[in-house]
Amino acid sequence: MKALLVLLLAQLCSASLVPEREKDPEYWRRQAQDTLQNALRLQRLNQNVAKNLILFLGDGMGVSTVTAARILKGQLQHGQGEESLLEMDKFPFVALAKTYNTNAQVPDSAGTATAYLCGVKANEGTLGVSAGVTRDRCNTTKGQEVTSILRWAKDAGKAVGIVTTTRVTHATPSAAYAHSANRDWYSDGEMPPDALEGGCKDIARQLVENIPDIEVILGGGRKYMYPKNVSDVEYPHEEKHRGTRLDRRNLVQAWREAKPPSKVAEYVWHRRGLLALNLSRVDFLLGESLHPRVPWHQLGALGDPWPVLGCWGSCSGQLSSQGCCCLQGTQALHEAVELDRAIGLATRLTSTQDTLSVVTADHSHVFTFGGYTPRGNPIFGLAPMQSDVDRKPFTSILYGNGPGYKIVAGERENVSAVDFAHANYQAQSAVPLRQETHGGEDVAVFARGPMAHLLHGVHEQNYIPHAMAYAACIGSNRGHCNAAARPATPLLLPFLSLLLLLC
């Protein structure tokens, strides 16, 4: 009945799908001419030295996700959706990045993070090391470590920050500071004996020791910072949240002790603690929630998780990669819209004259939407047709593989019998897998600000941090820089302002 009702409504509304202004050819001509004039103005290139660098990374945010998120954003604003603009759509320069790992056609988040943060392509599953390192082989790591743009910025006297809606030790952010033969070595409790005996360090320990003066660290995964079986401060009676460290170290305490006595270092573990800080008096901030990832539909009901900073990703991504791996397209796309909201706020807080902002993804997912849907069709809705093979309806959003593959009475599940618009609905997939896989196609790179024009065309993914470093006169390639023109304004305030204004 639900499917028939949706199809009937689509037929009744088909005559009014096209806005009146779009029936006039002059509307499209004027739009094209306005766009042309904007393009011509870009010939006056912004070649300033970038004072600030901001990288937004949507984990798993492929091009199909960007398009679907754009439609969702417009529909949330009571429009048809297709004509909407994401904040990243307004960035004047767009490129494509080739995401493959050195040993993988379809990449993982560790090898890609090494590319877009360290400027070097690497093997899948490895972090902050060259392709000379084999996954799980601790003894191949020594001498193969590569540094990230965060380190380059810190060495140039900049204040730096990592803000993520996943674990701080997750593959996506940890390539900024860690060197590891395995992305899963979050604490020494997850490392095999041979790696420990070989002298390799876990990722949480490297967060504290490798670059001890990162001004802002906000994310999740605090259990990896505490000794094994130490009760969690928020969930003291839940065993799964207890500390995991075998070396019995309290890394939060170690982080504090590493700071000069003259500096103020604050540790917080929930939103209330963050909002209570006088940030003008804070030199270093470490915030680790147990679970900063909050389903979009629960945001209004929960008070402890971090303020929503869009998402470190979107599936769609990470937030969304998690949404995508579970095929929860509804959650993933809402998270992509939240990420875009954060991008818009960062744009308003900074100037394109001195701030280079880049939005990209580490990889895509096997996420798609189609089915000849009419203009304005709900992005989470049904296609206006049934399969001409099994005579069942299907949703516009589908996945190439994953847990959404369901057979009921020997046939494909009839989606009209389920709530396909629910936040936790698992979209149907073509191939049954317990977890959906990444996709292997190129991802978009959006850029705005000084030297943004360097991000154009089709690039290897590892090109991104080199272009950003060139714009900011950091890293090894500084021959073009005028020392007198290098501003030293820190990055700390933009990061913290962004967090607070989203609360």
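The values are calculated or read from the model by the stated rules, or taken from the named source; none is laboratory data. Since we're looking at a predicted model, the values are computed, not measured. All Cβ positions, even for glycine, are placed from backbone atoms using ideal geometry, and neighbour counts span all protein chains on display. Note: areas computed on protein heavy atoms with side chains; ligands, DNA, RNA excluded. Shrake-Rupley method; radii C 1.70, N 1.55, O 1.52, S 1.80 Å.
Observations
- Relative contact order for the range 102-223: 27 percent, from Cα pairs under 8 Å spaced at least 6 residues apart, divided by residue count.
- Remark: spin-label model distance Ser231-Val458 equals 5.8 nm, labels positioned 7 Å along the Cα→Cβ axis.
- Multiplying the residue separation of Ala421 and Asp155 by 0.36 nm and subtracting their alpha-carbon distance yields 90.9 nm.
- The distance between label points at Gln105 and Leu40 comes to 4.6 nm (points 7 Å beyond Cα on the Cα→Cβ vector).
- In terms of packing, defined here as the mean over residues of other Cβ atoms within 10 angstrom, the peptides 29-42, 93-106, 169-182 line up highest first as 169-182, 93-106, 29-42.
- Within the accessible area of the range 371-432, the carbon and sulfur atoms contribute 57%, probe 1.4 Å, all protein chains present.
- For the range 365-432: relative contact order, % (alpha-carbon pairs under 8 angstrom, 6 or more apart): 32
- Long-range amide H partners of Gly287 with built H, under 5 Å: Ile217, Leu218, Gly219, Val268
- Heavy-atom accessible area for Ser476, with the other protein chains in place and a 1.4 Å probe, reaches approximately 120 Å².
- Kirkwood Rh, angstrom, the range 371-432 [1 / mean 1/r, Cα pairs]: 12.1
- Mean accessible surface per residue for the range 371-432, computed with a 1.4 Å probe while every protein chain stays in place, in Å²: 49
- Gain upon complete extension [Lys90, Trp28; 0.36 nm per residue less C-alpha separation]: 20.5 nm
- Extension gain from Leu196 to Glu83, taking 0.36 nm per residue of separation minus the Cα-Cα distance: 35.2 nm
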